[in-house]
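None of the figures in this text is laboratory data; all of them are computed from the coordinates on show. Everything numeric here is computed off the predicted structure, so don't read it as measured data. Ideal geometry is used to build each Cβ from the backbone, glycine not excepted, and the neighbour counts take in all protein chains shown.
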Amino acid sequence: MRRMLIVLIGIILCVGCATTQPLDTKPSPFTHGNVQLTIKKGITSQNDILENFGPPNIATIDSEGNEVWTYQI
């Protein structure tokens, strides 16, 4: 009985330390700071955006005829 209690406490302690996030995930490139460092109005090209962030989830045209890329996390 005592041995089973020790094993149960050990399991509870191990589970309490387990992470809920997979270890192989990369941090998102869409942090506020990273976007500000990467994108400079009039300087950053579409190619630069594609290299740093990948293709957009949504591409639309606004009322002024500008292409707008939307990224969703």
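Here is how the numbers come out for the structure above:
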{"quantity": "Relative packing of 51-63, 1-13, which averages over residues the other C-beta atoms within 10 Å, highest first", "calculated": "51-63, 1-13"}
{"quantity": "Potential lengthening between ASP48 and THR31 on full extension [0.36 nm per residue; Cα-Cα distance subtracted]", "calculated": "4.5 nm"}
{"quantity": "Distance in nm between pseudo-label sites at GLU64 and VAL7 (7 Å out along the Cβ direction from Cα)", "calculated": "6.9 nm"}
